[in-house]
Every structure is written in structure tokens, then in C-alpha cells.
1. Kindly establish whether S313 is assigned to a loop (DSSP other than H, G, I, E, B) and out of contact with any Phe, Trp or Tyr (no Cβ under 9 Å at 6 or more places or on another chain).
2. Residue under question is V248, and the condition is that it be more than 11 Å from the chain's Cα centre (by Cα) and at pLDDT 95 or above; does it hold?
3. Having 3 or more residues that are at pLDDT 95 or above is the bar; report the helices (runs of 4 or more DSSP H) wholly within the stretch 322-393 that clear it.
4. Please go through the stretch 47-80 and pick out each residue that is in contact with a Lys or Arg (Cβ under 7 Å, 6 or more places away or on another chain) and without any contact (Cβ under 8 Å) to a residue 60 or more places away in the chain.
5. Tell me yes or no: at least one residue of the stretch 220-234 is more than 11 Å from the chain's Cα centre (by Cα), in the same structural domain as E299 (by TED's automatic domain parsing) and modelled with pLDDT of 90 or more.
6. Which of the residues belonging to the stretch 255-314 are of a type in the set (D, E), surrounded by fewer than 16 Cβ atoms within 10 Å (Cβ to Cβ) and either under 27 Å from T230 (Cα atoms) or modelled with pLDDT of 95 or more (or both)?
7. Just for helices (runs of 4 or more DSSP H) wholly inside the stretch 1-119: which have at least 3 residues that are more than 24 Å from A200 (Cα to Cα) and not hydrophobic (A, V, I, L, M, F, W, C)?
8. Would you say D199 is among the acidic types (D, E), closer than 25 Å to G371 by Cα and under 15 Å from the mean Cα position of the chain (by Cα)?
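The values are calculated or read from the model by the stated rules, or taken from the named source; none is laboratory data. A quick note: this is a predicted structure, and the numbers were derived from the prediction, not measured. Ideal geometry is used to build each Cβ from the backbone, glycine not excepted, and the neighbour counts take in all protein chains shown.
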Amino acid sequence: MLTRKKTVRLEIRNDRVREHFAVVIASMEGFLVQGVHDTMPADLLILEIGDDTEQDFDYLTRARSTGRAKDFFLTSKNASPEVLIQALRLGVKEFITQPINEVELRKALLKYRDGSDSAPAQQKGPDRKGQIISVLGVKGGVGTTTIAVNLADSLVRLDGQPAVALIDMNRLFGEIPLFLSLEHVFNWVDISKNIARLDATYLTGILYRHRSGLRVLPSPDRVDDKGTVTPQVIEAMLRLMRTMFDYVIIDGGQAMDDISKTILRSADKVLLVAGLSLPCLINVKKLVKIFRELGYPPEPSVEVVINRFDKRSVITLREAEQSTGKKAFWAVPNDFNATMSAINQGKPLSVVEPGAEVTDSIAQMAAALAGRHTGGGREKEKERRAFLGLKLY
């Protein structure tokens, strides 16, 4: 039951468009359109964005800071990704494109009317600030997707059932659907095509829900789709996902372009997946050098994960650490049969090989990343290396 009408202020230059808004709003229960000379703060301000977008967004920022209205809708003929991303950054509730679609406008107003009463109570709770973990292969064929998929699966199985999302950003050879037997409908290109609708409700609707509870956002199947995605879209998506999930795992493949750099800037932890081979170790050094030159991600957040670790390798773990100048965060034991069986069945290791050493190792790595290990730092290091059959030196 509505306790009072929501006041709406219209700041729209085009008289015909303004009248159209006023007629629709006046026909709906629970709203009151303010007069032109009414100076009282409104519940909702609907602002038109014209040709000078910078000036209009500056006005919006001032209107918010001075308390001119509690919430904001924008309307414009210009629905470019740049305008929509800026609107999202400023916390705009809805973006109404012109010419106005009355059905969509009514839906937006109803959503605002019915949801705004409960919003303050929701805001009183602690804001979720999930961790973004980017898994980046130092070269092809090192098992980046195996690590990303099974790390995400291990995190979602931790006590307390944390909310976990897995994103396939391997834009040329995205294989997460194969690894998890997904028959997906949506991918992250759909977000760029519907950026004006990007909120928790929309994102939840397009994420695939795996039987484990993991939420998955696959890579697009078509190469020509990838050009519609910009770094700004990815930034907005990750900022929203951080508020929805405890952990966001990104399979970054091996790319190093503008979108990859956006992910690196956003990531709380970057896992460089490598093998005990000379090309891998050289590439680890190259990437660490590139990160230093870029100024991000911070060096302490970059960790090396040695995949397919074999104690009989010609290059020892100690030699690898000395060569790269970085201590290995984790070494996942080699088990070709178990990992290939999981891939071919389209299931995580925890389902196909629950008792395997490789499964246990990735589960322990997930626990370490989640801060679930007990004991002091040196004791944890001893335990980790003892598990791998290594000596602490």
C-alpha cells in the first residue's frame, strides 16, 4: 500500500517530449508531477541529455550533491555506450530512449515505485565487495581454463556456500561451456547490447546457473560479435558483479588488449598459470615487467600458479622461482588422466575425480585464496610444500 505519492520533476527541453512524459506519469497511480516553479526536492528527477553531454552530466552531478532529487532517470535520443556507461557510473536508475516507448516507460516507473520503498532498508545491510580473481595463462596450452573452472567450483563448495561467478573472457577459444556441459543462450556480448538494462536483475537473468550453484557467463560463439564490447562495458559489468558475488573468477586466456587491461585494473588477484618450461618462465618475467610498466596490477596481487607440477621435472620449482624472481603461490600436481576425463565428461574434477590429488590441491588453493587456512604464515607454507613433497628453504 502506497503511503504517499512519489514526486517527479521533469527537466526536459523539448516541450512535446516533456508533455508526453507528464501525461504518462499522471495516468499512473502513486506519482505527482511537480510544477515548473516548484523548488522542493523531488523523489525522482527525469533529466534530458542533449548534445552537450558533458555539461548535462555535470548538472546531474550537482543536482545529486545538492539534494535536488533522491533518484534520477535520464532520457535522450543519444543512447551511445559512452552515454549509458556514464549514466551507470552516476547511479542513474533508468535510461529512457527517445522516441518514448510508453510500455517501457510504464515498466520503469512501476519498478521504481514498487522498489523504492524498500531500498533504504536494503542499503542498511553491509555492502558486498566481492573479490575479482583473474586467471591468465602465460602461454597457450598451460591449462588456464582447467584452473579457472575448478577453482570456481572449489570456491562455491566452501563452507557457507559463497556466491561465485565464472566469466569466460577467452575471446578466441572460449571453452568453459565445454568444460561444464553448458547449453547457454546468453554471453557477455548481450550485456554490451543491453547496457541500459544492466542491473542485478538483468545480469542474474542472463547468467547460466550450473548445478553446483556456480553462475557462468560464457564467451560469444561468433567472432564478429566481439567488436561490440568496450572496456567501459566490462568495467561496468565487473563493478556490478563485485556487489553481487563473493568471488568472480575470470578465465582471461592469453590476451593483452584494452579489455584485458581493464580486467587487470579491476582484479584483486591475478593468477599467472605456467608450467615448468623455459618458454613459460620467460613469459612470466615478461608479464611481470609489463605489469610494472603499466603500474597495475600491484605486484603483491600477482601470483604464479605452476600447473601440471611434476617433482621429476628437469627444471625444479626452486630454479623456476629464482629465474622469475617470484615465489610460486601454488603448484598443482600433474594428473593427465583425471583432468582429461573431467574435460571430456564436461564436469568439474570434484565430480569426476573427488579423491584425486589434483582435485585436493585445487580445493586447497581455493581455501587459501578465501583465507580459510589456519595457522601462521610459515606453518601454512610448510603445510603447502609438504603436500607437494617440497622442502621449505
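1. Details: assigned to a loop (DSSP other than H, G, I, E, B): yes; out of contact with any Phe, Trp or Tyr (no Cβ under 9 Å at 6 or more places or on another chain): yes.
Yes, satisfied.
2. Numbers: more than 11 Å from the chain's Cα centre (by Cα): no; at pLDDT 95 or above: yes.
No: the conditions fail for V248.
3. Values: elements: 336-345, 349-352, 357-369, 377-387.
Answer list for the stretch 322-393: 336-345, 349-352, 357-369.
4. Of the residues in the stretch 47-80, the ones in contact with a Lys or Arg (Cβ under 7 Å, 6 or more places away or on another chain) are 48, 50, 69, 71-73.
Answer for the stretch 47-80, where residues must be in contact with a Lys or Arg (Cβ under 7 Å, 6 or more places away or on another chain) and without any contact (Cβ under 8 Å) to a residue 60 or more places away in the chain: E48, G50, D71, F72, F73.
5. Keep residues of the stretch 220-234 that are more than 11 Å from the chain's Cα centre (by Cα), which gives 220-232.
Checking which are in the same structural domain as E299 (by TED's automatic domain parsing) leaves us with 220-232.
Applying the additional criterion that residues be modelled with pLDDT of 90 or more yields none.
There is no residue in the stretch 220-234 that is more than 11 Å from the chain's Cα centre (by Cα), in the same structural domain as E299 (by TED's automatic domain parsing) and modelled with pLDDT of 90 or more.
6. Once the filter is applied, which keeps residues that are of a type in the set (D, E), surrounded by fewer than 16 Cβ atoms within 10 Å (Cβ to Cβ) and either under 27 Å from T230 (Cα atoms) or modelled with pLDDT of 95 or more (or both), the stretch 255-314 yields D257, D258, E293, E299.
7. Values: elements: 15-26, 53-65, 81-89, 102-116.
Passing ranges, in order: 15-26, 53-65.
8. Taking the combined requirement at face value, the residue does not satisfy it.
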